[in-house]
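Notes follow once the structure below has been shown.
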Amino acid sequence: MRLANKVAIVTGGGSGFGEGIAKRFALEGAAVVIGDLNLAAAEKVAGEINKAGHKALPVAVDVSQNKQMKSLVDKAVEAFGGLDIMVNNAGMPQRNAPLLETDEATFDKIFAVNVKSIYNSAMYAVPAMRKRGAGAFINIASTAGVRPRPGLVWYNGSKGAVITLTKAMAVELAPEQIRVNALNPVAGLTPMLKEFMGGQETEEMKAKFVSTIPIGRFSTPQDIANAALYFASDEANFITGVCMEVDGGRCI
């Protein structure tokens with residue numbers, strides 16, 4: 001198993017990409033702490049993992065809140081003895097709209113959830129990883145941070161910040177054997193898709209979006225989980241500061 005004896009936190013682990021990552025990591029031997037704003041969703045995923053004979057702990061967390069992120073890391077260390085992998089997956093979409101139609105409160109929330117959460121996780125995950133002598137961050141960014149599109153200006157900017165933070169963290173933490181990488185997924189059939197499409201998810205709109213992806217389909221949680229597994233594993237111990245598109249060719 002590729003993550004045997006590892007301890008991982010996955011934020012936004014109660015659904016979508018986070019659920020896929022949590023289950024894949026558990027299957028590969030990691031003890032997984034599933035952090036999610038929706039505790040019931042986290043409990044459901046953790047229950048399925050535990051029922052399958054693996055280890056998972058659900059924790060309610062608002063990743064934009066510093067004290068709650070501290071509690072999340074503390075609970076991981078208390079339950080499983082340390083922390084090796086931090087997956088910053090929780091995110092907030094922006095409803096597709098002209099840039100001037102996004103109110104300030106929504107802008108603030110987008111940056112609090114998508115960007116400040118990286119700061120919050122670093123404050124507590126880095127010290128925990130230092131005690132292990134190594135670690136791996138995986139930040140879930142987006143193709144929006146690489147190839148921005150109209151109507152999602154503020155979301156694009158938040159994911160661009162995640163990409164830059166990933167590279168800067170990687171340089172600073174590399175001497176301590178703490179690796180930092182990012183994944184840039186293209187949209188998948190998750191609850192966020194409706195927001196990206198302006199609040200209406202029709203078959204016509206989905207077909208139009210898929211037509212921009214050369215491989216010809218949306219991403220799946222399994223696609224993202226497989227890429228995250230590589231970054232988390234010792235196979236990638238010389239890989240840091242990489243922001244990899246998992247997008248079926250959309251950013252080409």
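The values are calculated or read from the model by the stated rules, or taken from the named source; none is laboratory data. As the structure is a computational prediction, the values presented were derived from the model and not from experiment. Positions of Cβ are generated from backbone atoms using ideal geometry, with glycine treated the same way; all protein chains shown enter the neighbour counts.
Of note:
- Taken together, Lys75, Lys51, Lys44 contain a single residue that is among the charged types (D, E, K, R) and within 22 Å of Pro127 (Cα to Cα), which is Lys75.
- Hits in segment 228-252 (condition: among the hydroxyl-bearing types (Ser, Thr, Tyr) and touching a helix residue (DSSP H, G or I) at 6+ places or on another chain (Cβ under 9 Å)): Tyr230, Thr240
- From the options Gly29, Gly16, Gly53, residue that is in contact (Cβ under 8 Å) with a residue 12 or more places away in the chain, over 16 Å from the mean Cα position of the chain (by Cα) and at positive phi: Gly29
- Flag if Pro127 is within 18 Å of Leu83 (Cβ to Cβ), free of Cβ contacts under 8 Å to residues at least 12 places away in the same chain, assigned to a helix (DSSP H, G or I) and not aromatic (Phe, Trp, Tyr): yes
- The conditions of being among the polar types (S, T, N, Q), under 27 Å from Phe196 (Cβ atoms) and modelled with pLDDT of 95 or more are not met by Asn96.
- Scanning segment 221-240 for residues that are over 14 Å from Ala134 (Cβ atoms) and touching a strand residue (DSSP E or B) at 6+ places or on another chain (Cβ under 6 Å) turns up Asp223, Ile224, Ala227, Ala228.
- Scanning segment 1-36 for residues that are buried (at least 24 other Cβ atoms within 10 Å of the Cβ) and of a type in the set (Asp, Glu) yields Glu19, Asp36.
- Of the helices (runs of 4 or more DSSP H) lying entirely inside segment 9-107, the ones with 3 or more residues being more than 24 Å from Leu173 (Cα to Cα) are found at 16-27, 39-51.
- Flag if Lys167 is out of contact with any Asp or Glu (no Cβ under 7 Å at 6 or more places or on another chain) and touching a residue at least 60 places away in the same chain (Cβ under 8 Å): yes
- Condition check for Glu201: out of contact with any helix residue (DSSP H, G or I) (no Cβ under 8 Å at 6 or more places or on another chain) and modelled with pLDDT under 95: no
- Among the residues of segment 143-166, those that are crowded, with 17+ Cβ neighbours inside 10 Å and assigned to a loop (DSSP other than H, G, I, E, B) comprise Val146, Gly151, Leu152.
- Residue ID - surrounded by the most Cβ atoms within 10 Å (Cβ to Cβ), chosen from residues in segment 69-118 that are hydroxyl-bearing (Ser, Thr, Tyr) and either under 14 Å from the mean Cα position of the chain (by Cα) or closer than 19 Å to Val59 by Cβ (or both): Ser117
- Taking the numbered list (1) assigned to a helix (DSSP H, G or I); (2) within 15 Å of the chain's Cα centre (by Cα); (3) more than 27 Å from Ala105 (Cβ to Cβ) in turn, Met169 passes all entries but (2).
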